[in-house]
Amino acid sequence: MSTQQMVMYDEEFKEINEVIERLLKEANAKVIFLVDKNGQLISGVGDTERFDTTSLASLTAGNIAATGGLAKLIGEKEFSILFHEGEKDNLHISIVGGRVILVVLFDSRSSLGLVRLRVKKSSEELSSIFDKLMRKAEDKERRGVSDFPFAEITDDDIDNLFS
Amino acid sequence: MSFINYASREINCKIVYYGPGLCGKTTNLQYVYQKTAPDAKGKMISLATETERTLFFDFLPLALGEIRGFKTRFHLYTVPGQVFYDASRKLILKGVDGVVFVADSQEERMDANIESLDNLRINLKEQGYDLDKLPYVVQYNKRDLPNIMTIEDLRTELNPTKVPDFEACATVGEGVFETLKSVAKLILIDLKKGK
């Protein structure tokens, strides 16, 4: 396959959640999501219950993909920040480390300036965690270590899923 | 590109329904949505025009159950079939784990089928994928219509590599789940190989 599989481990998952929890407080945001560029939700903090997180992840990724296509058309590499302003709630969407999408939902209790400032700092931290994650996966692959849960599944396991 | 999350013990895979305009990609997803238990599905999203033609994509998340303690989820997408939406189609193919090609069985749509299949190969190649190496199945839809081609002819034209193929009538659901199960299975077998 052309792109490397995305794998998330407990340790990094915790680190990532610490960073976005802190960002949630510092930016005075309502909800924060991290989404894979392919539309898979990685994590979410804040008032996530109120939202259909799966749909949100998929549409965010579609949005980033579409604006990325626009960027290429005008000779830009990508648009790394998108901002959607609503009557009450706003969305700040940014690309972290070239591969994941950080979505910050905030209202009038915060401001675009504050969100941008805090996002910038958190992005660097998140970026280094994702780098670490990639290295870990590459390293495991190189050493031929596989803790992949699917390596031992049987045809029966697969059939049972559809019964 | 599937996403394996050890922290939440989940595995997510992406299936894309491809095919010419009006072949029934959205209808496939709508049927799956109607017939799936509420706890196993999320909201179906359709980004469509006022005349219900797909503009960007349809999206349907499905939870199939657990394998070895991992929740298995499939994200189903359709592409917009109309020729001029090619830029959008390319975007939706990003990170794909498996492809369903939905063909329109009507004689007059044969050229559109062939064009769409060529387009699929080209767009996949641009993303670094090879259709012959991806989990891939073909569905011959609209088998209930009068002016259709024979299965043999469709096979010769659209399935020379002899991947699993299915006859379908998506409006009433015939063949819809068979197609989905087949591609999902191929994806899981692919994952098992540790790709």
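Numbers for the structure displayed
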{"item": "Hits in the stretch B:120-147 - residues which are aromatic (Phe, Trp, Tyr) and outside any strand (DSSP E or B)", "result": "B:129"}
{"item": "The listed residue being within 23 Å of residue B:116 (Cβ to Cβ), more than 9 Å from chain A (Cβ to nearest Cβ) and among the basic types (Lys, Arg), out of B:35, B:25", "result": "B:25"}
{"item": "Odd one out for residue B:67, checked against (1) within 24 Å of residue A:65 (Cβ to Cβ); (2) in contact with a helix residue (DSSP H, G or I) (Cβ under 7 Å, 6 or more places away or on another chain); (3) at the interface with chain A (Cβ under 8 Å from one of its Cβ atoms)", "result": "(1)"}
{"item": "Qualifying position, being surrounded by fewer than 20 Cβ atoms within 10 Å (Cβ to Cβ), within 14 Å of another protein chain (Cβ to nearest Cβ), of a type in the set (Gly, Ala, Ser) and within 20 Å of residue B:2 (Cβ to Cβ), among B:128, B:98", "result": "B:128"}
{"item": "Flag for residue B:138 being among the hydrophobic types (A, V, I, L, M, F, W, C) and out of contact with any Ser or Thr (no Cβ under 8 Å at 6 or more places or on another chain)", "result": "yes"}
{"item": "The stretch A:22-65, residues that are in contact (Cβ under 8 Å) with a residue 60 or more places away in the chain and surrounded by fewer than 18 Cβ atoms within 10 Å (Cβ to Cβ)", "result": "A:22, A:26, A:28"}
{"item": "Residue list for the stretch B:131-151, restricted to those being over 15 Å from residue B:95 (Cβ atoms), surrounded by 14 or more Cβ atoms within 10 Å (Cβ to Cβ) and either within 14 Å of another protein chain (Cβ to nearest Cβ) or in contact (Cβ under 8 Å) with a residue 40 or more places away in the chain (or both)", "result": "B:131, B:136, B:137, B:139, B:141, B:142, B:148, B:149"}
{"item": "Residue selected from the stretch B:68-95 under the condition hydroxyl-bearing (Ser, Thr, Tyr) and at pLDDT below 95, by the criterion nearest to residue B:52 (Cα to Cα)", "result": "B:85"}
{"item": "Residue that is nearest to residue B:91 (Cα to Cα), among those in the stretch A:49-58 that are at the interface with chain B (Cβ under 7 Å from one of its Cβ atoms) and not in a loop (DSSP other than H, G, I, E, B)", "result": "A:58"}
{"item": "Residues being within 11 Å of chain A (Cβ to nearest Cβ), among the aromatic types (Phe, Trp, Tyr) and in contact with a helix residue (DSSP H, G or I) (Cβ under 8 Å, 6 or more places away or on another chain) - total across the stretch B:1-22", "result": "1"}
{"item": "Strands (runs of 3 or more DSSP E) completely within the stretch A:1-48 that count 1 or more residues being more than 7 Å from every other protein chain (Cβ to nearest Cβ)", "result": "A:31-36, A:41-46"}
{"item": "Residues of the stretch B:48-72 classified as over 16 Å from the mean Cα position of the chain (by Cα), on the phi < 0 side of the Ramachandran plot and not basic (Lys, Arg), total", "result": "11"}
{"item": "Residue within the stretch A:130-151 that is farther than 30 Å from residue A:27 by Cα, touching a helix residue (DSSP H, G or I) at 6+ places or on another chain (Cβ under 6 Å) and within 14 Å of chain B (Cβ to nearest Cβ) present", "result": "yes"}
{"item": "The stretch A:76-105 residues that are within 26 Å of residue A:135 (Cα to Cα), paired with ones that are among the charged types (D, E, K, R) and not in a loop (DSSP other than H, G, I, E, B) (beta carbon under 7 Å, 6 or more apart)", "result": "A:97/A:131; A:100/A:36"}
{"item": "Candidates B:87, B:184, B:112, filtered to the one that is in contact (Cβ under 8 Å) with a residue 60 or more places away in the chain, of a type in the set (A, V, I, L, M) and more than 27 Å from residue B:63 (Cβ to Cβ)", "result": "B:112"}
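The values are calculated or read from the model by the stated rules, or taken from the named source; none is laboratory data. Treat the numbers as computed from the prediction; the structure is a model and nothing was measured. Note that each Cβ is placed from the backbone with ideal geometry, even for glycine, and that neighbours are counted across all protein chains shown.
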